[in-house]
1. Can you confirm whether Gly152 is farther than 25 Å from Val293 by Cβ, modelled with pLDDT under 95 and open to solvent by less than 30 Å² (accessible area, probe 1.4 Å)?
2. Can you find, within the range 541-572, the residue that is surrounded by the fewest Cβ atoms within 10 Å (Cβ to Cβ) among those that are over 36 Å from the mean Cα position of the chain (by Cα) and among the aliphatic types (A, V, I, L, M)?
3. Can you name the residue in the range 29-64 that is in a loop (DSSP other than H, G, I, E, B) and in contact with a Lys or Arg (Cβ under 9 Å, 6 or more places away or on another chain) and is also farthest from Ala165 (Cα to Cα) among such residues?
4. I need the full set of residues from the range 34-82 which are small (Gly, Ala, Ser), surrounded by fewer than 18 Cβ atoms within 10 Å (Cβ to Cβ) and on the phi < 0 side of the Ramachandran plot, in order please.
5. Inside the range 541-594, can you point out the residues that are at positive phi and either among the polar types (S, T, N, Q) or modelled with pLDDT of 90 or more (or both)?
6. Sort through Asp280, Asp241, Asp340 and tell me the only one that's out of contact with any Gly (no Cβ under 6 Å at 6 or more places or on another chain), closer than 30 Å to Leu411 by Cα and part of a helix (DSSP H, G or I).
Amino acid sequence: MPGEPFEDKAPLEDSESFEIWAPAAATVELVLAGATLPMTRTGDGWWRAPRPGASGPLDYGFRVDGEGPFPDPRSRHQPNGVHGLSRTVDHGGAWTDQAWTGRQLAGSTIYELHLGTFTPEGTLDAAAGKLAHLASIGVDFVELLPVNAFNGAHNWGYDGVLWYAVHEGYGGPAAYRRFVDACHRAGIGVIQDVVYNHLGPSGNYLGKFGPYLSAAAGNTWGSSLNLDGPGSDEVRRYIIDNALMWLGDYHVDGLRLDAVHALHDERATHLLEELAIEVDALSAHVGRPLSLVAESDLNDPRLITTREAGGYGLTGQWSDDFHHAVHVALTGETTGYYADFEPLGALAKVLTHGFFHDGTFSSFRARTHGRPIDTERMPAWRLVVASQNHDQIGNRAIGDRLGAQLDAGQLAIAATLTLLGPFTPMLFMGEEWGARTPWQFFTSHPEPELGEATRNGRISEFARMGWDPALVPDPQDPETFTRSRLDWTEPDEPGSARLLSYYQALAVLRRAVPGFTDPRFDRIQVDVDERERRLSLRRGETEIVVNLGLEPCRVATTGGRPAASFAASGDAVVATHDGGLTLAGHAVVVFCDRPGSAAPRHQRDR
């Protein structure tokens, strides 16, 4: 029934048998502490062995044709690392989220965070202690970067190899349940970032069990999964069951699907469509929304087009074009993939059409890229946008945030366009106070040769782009990780507190004024002045006016009540006159003229 928590599937702790898929193996043995038991083939490629009578958690692994023992590919708990034995999970402990009915993506705000660097402790329990802060800036969903088990102490999360297990350093499976439960008590949903397009370089034993891996070459990041070759039915089941585990057993509210353009699948029903069908069925059963949000480099609206209309039926997808257009408008960077976004008109097109490259020529790719969105039928909220995120910061040579290049006024402009624009906004941890800590690419591979390869690859990558190799941080240096931790004393400093207060004011406006969550593309009007670097965005009874230039400029407005404003220093509005105002350099003013709205006027500079 709606409001009731989904009952955990029978965990291995309560199962009557151990099971493993190893279709080509001649022998499979279950390895327990002090015992090795033969397993029986069932005829469908699966092997089974009865669970011993002992109660409580058991450490176990599998020996395949005499090799091993290897951890369980579906292991929920790896207390001794990705090369150690798996441990059965005790799902004891009551959930307290019986009243939780979920959150829909439409109208919501997402907050992306990396557990290892979000707090000094780097744990799930410590992150739960910051939920009141997130609620104060209007966060509806916390999006956790990947938490699955990886080798080493700290990692971005994209080198995971055991997709069902929560990294022990974050607190393991029990802490994960506590975190989700705490989020739901705070009225915040959880989106889990999952990586199904590749596996990490250390601890990947899937190939020992069966045809999990693609016979073709892997992608840029590692071994790819066999989604369409012989034996791929069970491989796809492995992925789908993992998704259902997060959404069902762990009560998660959505998944962010990493780099789906790297999923090689030539079957008639794409994995993404199959996944969406199963997740929709689970959503109907548990009575709460379950969202699937894809990261894709294709600019293909088929991902978010309903299945009835021939699409895959995902809930949403990232639009990097928004990031690129905002980044170029604020920083002036035009190298690499930023080149096509140099005119301010590129930002106007993104705001009104969703994608900039929608069948246009991409100079970075040297070819036509993308496909148009049907703006008459597609709601704008299906696009998830950010002015900063883990990729766009961490994949810079020195991991510098926008605040390293921009003043406070420009940061406020980015925040306003993101939070009050037509799309689903996503914030990256710390941006709400203009965090000065970088977020750099870090690893802790225990294998010296792997660490050296990662270090040299990173230097070579940026050397080709013209960066001084001496400036590129060593990802294996523990200080690279330490530098990337948020400094929670910063929000108390005057400049940071001022920006944070503005984010809080925008959160109130977004919730109070319907125009700021209106998903209709035909309600969006954008006007730009390339010479004066001015932009206005109108949606219904709301208007945002922005001066991207350094000098004050005169802007026409449709009237209305100023509800929030911000400038690099001093007042955002230098003067008012009939039909408009003079806006300070690097400043923004938000208007909304809706009788009875609760929109507050943001206090001027302190």
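1. yes
2. Across the range 541-572, the extreme among qualifying residues is Ala556.
3. Step one: of the range 29-64, the residues in a loop (DSSP other than H, G, I, E, B) are 33-34, 39, 42-45, 51-58.
If we keep only those that are in contact with a Lys or Arg (Cβ under 9 Å, 6 or more places away or on another chain) as well, we get 39, 42, 57-58.
On the way: Met39: 23, Thr42: 26, Pro57: 15, Leu58: 15 Å.
Of everything passing the filter in the range 29-64, Thr42 is farthest from Ala165 (Cα to Cα).
4. Residues satisfying the conditions are Ala35, Gly53, Ala54, Ser55.
5. Answer for the range 541-594, where residues must be at positive phi and either among the polar types (S, T, N, Q) or modelled with pLDDT of 90 or more (or both): Gly570, His586.
6. Values: Asp280 fails: closer than 30 Å to Leu411 by Cα; Asp241 fails: closer than 30 Å to Leu411 by Cα.
Being out of contact with any Gly (no Cβ under 6 Å at 6 or more places or on another chain), closer than 30 Å to Leu411 by Cα and part of a helix (DSSP H, G or I) holds for just one of Asp280, Asp241, Asp340, which is Asp340.
Okay, residues lined up against (1) in contact (Cβ under 8 Å) with a residue 24 or more places away in the chain; (2) in contact with a Leu (Cβ under 8 Å, 6 or more places away or on another chain); (3) of a type in the set (Asp, Glu):
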| position | (1), (2), (3) |
| --- | --- |
| Ala435 | yes, yes, no |
| Pro438 | yes, no, no |
| Glu447 | yes, no, yes |
| Val472 | yes, no, no |
| Arg483 | yes, no, no |
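Residue-by-condition table, conditions (1) touching a strand residue (DSSP E or B) at 6+ places or on another chain (Cβ under 9 Å); (2) assigned to a helix (DSSP H, G or I); (3) surrounded by fewer than 21 Cβ atoms within 10 Å (Cβ to Cβ):
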{"site": "Thr418", "(1), (2), (3)": "yes, yes, no"}
{"site": "Glu432", "(1), (2), (3)": "yes, yes, no"}
{"site": "Thr443", "(1), (2), (3)": "no, no, no"}
{"site": "Phe462", "(1), (2), (3)": "no, yes, yes"}
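The values are calculated or read from the model by the stated rules, or taken from the named source; none is laboratory data. Because the structure is predicted, anything quoted here is derived from the model rather than measured. Positions of Cβ are generated from backbone atoms using ideal geometry, with glycine treated the same way; all protein chains shown enter the neighbour counts. Accessible surface areas use protein heavy atoms only, side chains included; no ligands, DNA or RNA. Shrake-Rupley method; radii C 1.70, N 1.55, O 1.52, S 1.80 Å.
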